[in-house]
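Let me begin by presenting the structure, written as structure tokens, before commenting on it.
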Amino acid sequence: MPLEAPARIVSELTSRGYNAEREAVTRLASAADPGAALERVLEDIPDDALVVRTEHVEAALSTDDAGGSAEPSSESAAVGDGPTPVDHSSTDPSPTPSASTGTGGASGGERADPAPVETEGSPSANRSADPAQRSVEIVGDMTGQSTGTGEYSDFVSVFRDRLDRLGAKLRGRINHRPATAIQSMPGGSEVAMVGLVNDIRSTASGHWLVELEDATGTFPWLVMKDREYVDLVDELLCDEVLAMEGTLADDSGIAFVDSMHFPDVPRTHEPSTADRHVQAALISDVHVGSQEFMADAWNAFADWLHTPEAEHVEYLLLAGDMVEGVGVYPDQDDELDIVDIYEQYEAFSEHLKKIPGDIEIVMIPGNHDAVRLAEPQPGFDEELREIMSAHDPQIVSNPSMVTVEGVSVLMYHGVSLDEVIAELPEDKASYDDPHKAMYHLLKKRHVAPQFGGHTRLAPEEKDYLIIDEVPDIFHTGHVHKLGFGKYHDVLAINSGCWQAQTDFQKSVNIDPDAGFAPIVDLDTLDVTVQKFS
Ligand code: D5M
Ligand code: FE
Ligand code: ZN
């Protein structure tokens, strides 16, 4: 087995019961014959050592002939907010030769003492920062909390909860009345209502009729085609919560809309940032088990995480579709590399082990994963957790709010993005700009507003899909396109995927962004994109 890749060295050491310092791995990787160097290190290492340290490698290499090597490289595009200046056209990154000096110059960071070694995950490559500085808090994980039985009453509760909680964000802004009260007000009155969108249809004369529903009943609102806000009708989805203000018609049977209000992210929103320079990689859609899974790109990513350049990447957030699954789409079997779902997770776990053991991993399931399809999706069951336990990832529900060193990240797989993109005009939401589709979910303060389309919703006592607190970062995947930008200062990132184009995607012209890892600076919320394909 060629051992030049850091991740493979780490796996080899792990399989022999050792953790390793990052620099030790870097040195081994750049030895002329890493396999022989590793054997020599293990021959010489003291019997009680659990961690292969730089000095062990140095001692072994001083009697060995250390040669140069090629390190995997990646492209990076530094960007701030705004549209996505990712270079999609660039070709494969060429390896950057880096000579091993054998004197300690290769690794970044000024590490005085060896940092404590993470022992939970399999592989370990020391990040120089003190792991005690790390923190991950989870809010809204509904794993094990599901109470829904699919009864009609559950649907009633979930929509009542949605109207109550999203309505609360609107009621203070307008002088609203219940639907039944509006019906009995005199014609010509100024009226306002908070409700769920029940129906949207165009009238014979080209105006729009939007029916709003609240706990008392429904009321029709007419949006005139020549009003400036008619454009907003294009953005509406059924079952979202909004408020309308307007004037009652003479017979009080309808109101003419003067303004519309959305729960939205307040313009005053100021994101929190981490107190130190630390980064998170935000990825999704690995699709292990698919013939199109890009193992080489994944290995290059894992290798890169072992390099000094990635030293500040201390978190990996994975937004679903770990595996390809079975029976997700018709004829999917023809494209499977691994047909057994458990074996897919076992293979995924092996790929996860290549990620340095001192990176914290948080993951949620997606629609290809082996959990219920209806959202919210609970985190994986015990059996699957056990299969994926080697790296000790935190596994939470889809969606969940994950606060990393003070920066809140709303993780959601993103199935509703298909719906948003299908329903809204191209300039407002498209596969090419997936982050713009995400903006609409932020504006509606709900990750999957429309019930009964692509997105399957599980009725629960409460609506777990509401975006109650404004996140600092909104992270989705699913559409296999990379895009990011800011909406009212919330960073929206849709990560790409690790699966090359499937036959289905070819048939519908989806050209996936595969093999990219967006890296977020948690202290500035700036994004850089690393390319591994
Ligand atoms: O989703 C990847 C993207 O491709 C997402 O936008 C859905 C779409 N997709 C992929 N295959 C199909 C089929 N067979 N029908 C409809 N839409 C599809 P993913 O969740 O990774 O499959
Ligand atoms: Fe996917
Ligand atoms: Zn998906």
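The values are calculated or read from the model by the stated rules, or taken from the named source; none is laboratory data. Quick caveat, the model's predicted, so the values are computed rather than measured. When we count neighbours, we look across all protein chains shown, and the Cβ atoms used for this are built from the backbone with ideal geometry, even at glycine. Please note that ligands, DNA and RNA were not included when accessible areas were found on the heavy atoms of the full protein model with its side chains. Shrake-Rupley method; radii C 1.70, N 1.55, O 1.52, S 1.80 Å.
Here's the picture: a label point sits 7 Å out from the Cα of Met185 along the beta-carbon direction, and within the stretch 200-230 the residues with their amide nitrogen under 18 Å of it are 210-224. Do any of Lys443/Lys481; Lys354/Lys481; Lys225/Lys506; Lys353/Lys486 go past 31 Å between their Cα atoms, and which? As for pairs spanning more than 31 Å Cα to Cα, those are Lys225/Lys506; Lys353/Lys486. Within the accessible area of the stretch 225-372, the carbon and sulfur atoms contribute 45%, probe 1.4 Å, all protein chains present.
The share of accessible area on the stretch 469-533 that comes from carbon and sulfur is 43 percent, using a 1.4 angstrom probe. Of the peptides 365-378, 133-146, the ranking by mean beta-carbon count within 10 Å, highest at the top, reads 365-378, 133-146. Taking a ≥ b ≥ c as the square roots of the eigenvalues of the Cα gyration tensor, the stretch 462-532 is classed as oblate, since a/c reaches at least 1.5 and a/b does not exceed b/c. Applying the criteria of a DSSP loop state and at most 13 other Cβ atoms within 10 Å to the trypsin sites (Lys or Arg not before Pro) of the stretch 453-531 yields no site. What you get for the stretch 298-421, charging only the Cβ of Lys and Arg (+1) and of Asp and Glu (-1), is a dipole of about 440 debye around the Cα centre.
The Cα atoms of the stretch 432-490 give a gyration tensor whose axes a ≥ b ≥ c have a/c of 1.5 or more with a/b no greater than b/c, which makes the shape oblate. Each of Val257, His269, Ser290 was scored by the projection of its Cα onto the charge dipole of the stretch 245-292, and the greatest displacement toward the positive side belongs to Ser290; charges sit on the C-beta of Lys, Arg, Asp and Glu.
When both the stretch 427-456 and the stretch 264-321 are represented by their alpha-carbon centers, they are found 22 Å apart. Could you state how much accessible area Ser184 has, in square angstrom rounded to the nearest 10, with a 1.4 Å probe and all protein chains kept in place? Ser184 has an accessible surface of roughly 90 Å² with all protein chains in place. The aspartates and glutamates within cross-link reach of Lys444, meaning a Cα-to-Cα straight distance under 12 Å and a gap of 8 or more places when in the same chain, are Glu235, Asp239, Glu240, Asp264, Asp468. A probe of 1.4 angstrom, applied to the heavy atoms of all protein chains, finds Phe262 with accessible area near 10 square angstrom.
Report note on the peptides 401-411, 353-363, 490-500: ranked by the mean count of other C-beta atoms within 10 Å, highest first, their order is 490-500, 353-363, 401-411. The dipole here belongs to the stretch 424-509: it is taken about the Cα centre, uses +1 on the Cβ of Lys and Arg and -1 on the Cβ of Asp and Glu, and is about 180 debye.
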